[in-house]
Amino acid sequence: MSGLRLVSHVLCPYVQRAAIVLLEKNVPFTRVDVDLAAKPAWFLSISPLGRTPLLLVDETEATPYAQPLFESAVICEYLDETTLPRLHPAAPLVRARHRAWIEFGSTVLNDIWGFYTAPDAAAYEAARDRLAGRFAILEAALHPQGPWFAGETFSMVDAVFAPVFRYFDAFERLGVDGFFDGTPRIARWRAALADRPSVRQAVAPDFAERLDAFLLSRESELARRARQPETSL
Ligand SMILES: N[C@@H](CCC(=O)N[C@@H](CS)C(=O)NCC(=O)O)C(=O)O
């Protein structure tokens, strides 16, 4: 496989999944960032849903990048089928369960969006409770010793949850914490993921500042509370 291009947005958690998988496998790739607030015509012409990530695979010289891959889960599956080391487990039933937890990870990303866009206190508290409920369920699914989701081997599920936890780093910087006080396995998993080289390298060096600025720029309860730190978070 050669000539991979990952069409990205600097803050996109779904892009990070693909970047982590590529980095875990030591597959060279180039990153092309697009502005999703002003999508370029070339991007709209090749992205069926107008979303990042896309993986452009240079399969033939005659029609380079003719068939962009879209949807992060599909991109990650393709990379896992074509490059080593495999991040999915070998046993079909275990692999199917991992895919189900990847879906769970996408739902959590939607819930996170609901939290940082909540327009008022009631929606904010409801979104926070919804996230707490998800994490209670996830805690019970995690390997008891870790350090990774399924024990000693880093898997695709780990690649999917690393970008999830990056939001909580930002929430903590904005003064909102306590999300993982009752979930020690997740707290330990999150710390291990934050130290993983592929996870660190999956975003630009100024990612944290950009994410904080993005969250603070919104007309949301979170941004209002972060701007008035005396309010109870
Ligand atoms: N299900 C998609 C979700 C991708 C997605 O929502 N990407 C966002 C950026 S993080 C996007 O491109 N949003 C622009 C839009 O929807 O117009 C995946 O897994 O790849």
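The values are calculated or read from the model by the stated rules, or taken from the named source; none is laboratory data. Bear in mind that the values here come from a model prediction, so they are computed numbers and not experimental data. Note: ideal-geometry Cβ built from the backbone for every residue, glycine included; neighbour counts use all protein chains shown. Ligands, DNA and RNA are excluded from the accessible area calculation, which covers all protein heavy atoms including side chains. Shrake-Rupley method; radii C 1.70, N 1.55, O 1.52, S 1.80 Å.
Distances between every pair of Cα atoms in the chain, grouped in 10 Å steps from 0 to the bin holding the largest one, split as 7, 31, 35, 21, 6, 1, 0 percent. Report the Cα centroid-to-centroid distance between the range 170-233 and the range 52-101 in angstrom, as an integer. Distance between centres, Cα-based: 28 Å.
Taken one residue at a time, the phi angles of the range 109-120 give Karplus couplings (6.51, -1.76, 1.60, θ = phi - 60°) of 4, 5, 5, 5, 4, x, 6, 7, 9, 3, x, 8 Hz. Gly and Pro are set to x.
Going by average Cβ density within 10 Å per residue, which order do the peptides 204-216, 38-50 take, highest to lowest? Intermediate results must be reported in sequence, preceding the final value.
On the way: 204-216: 14.5, 38-50: 11.2.
Going by the mean number of other Cβ atoms within 10 Å, highest first, we get 204-216, 38-50.
Shown in residue order for the range 131-137 are the 3J(HN,Hα) couplings computed by the Karplus curve 6.51 cos²θ - 1.76 cosθ + 1.60 at θ = phi - 60°: 5, 4, x, 4, 6, 5, 5 Hz (x for Gly and Pro).
Per residue, how much accessible surface does the range 4-82 expose to a 1.4 Å probe? Answer in Å², no decimals.
Numbers: 3800 Å² over 79 residues.
Roughly 48 Å² per residue, with all protein chains present.
At a 1.4 Å probe radius, carbon and sulfur cover how many percent of the accessible area of the chain? Mind showing how you got there, number by number?
On the way: 6210 of 11340 Å².
Looking at the chain in its full context, I get 55 percent from C and S.
May I ask for the net charge around Lys25, where only other residues with Cβ less than 12 Å from the Cβ of Lys25 are counted and Lys, Arg are +1 while Asp, Glu are -1?
Details: positive: Arg86; negative: Glu24, Asp80, Glu81.
Value of the local net charge: -2.
Length gained on full extension, Glu152 to Leu49: 33.4 nm, using 0.36 nm per residue less the C-alpha separation.
Backbone geometry of the range 160-175 corresponds, through the Karplus equation with coefficients 6.51, -1.76 and 1.60 at θ = phi - 60°, to 3J(HN,Hα) couplings of 6, 8, 4, x, 4, 6, 4, 5, 6, 4, 5, 4, 5, 4, 8, x Hz, x marking Gly and Pro. Placing a label point 7 Å from the Cα of Asp35 along the Cα-to-Cβ direction, the residues of the range 173-213 whose backbone N falls under 18 Å from that point are 210-211, 213.
A simple spin-label model places pseudo-atoms 7 Å from Cα toward Cβ; at Asp206 and Thr60 they are separated by 4.2 nm. For n ≥ 4 DSSP H runs only, could you compute -39500 (n - 2.57) per run for the chain, divide by its residues and tell me the 222 nm figure to the nearest 500? Helix-only estimate at 222 nm: -17000 deg cm²/dmol. Once backbone amide H atoms are built at 1.01 Å from N, Phe149 has Ser155, Asp158 as its partners under 5 Å, excluding neighbours fewer than 5 places away on the same chain.
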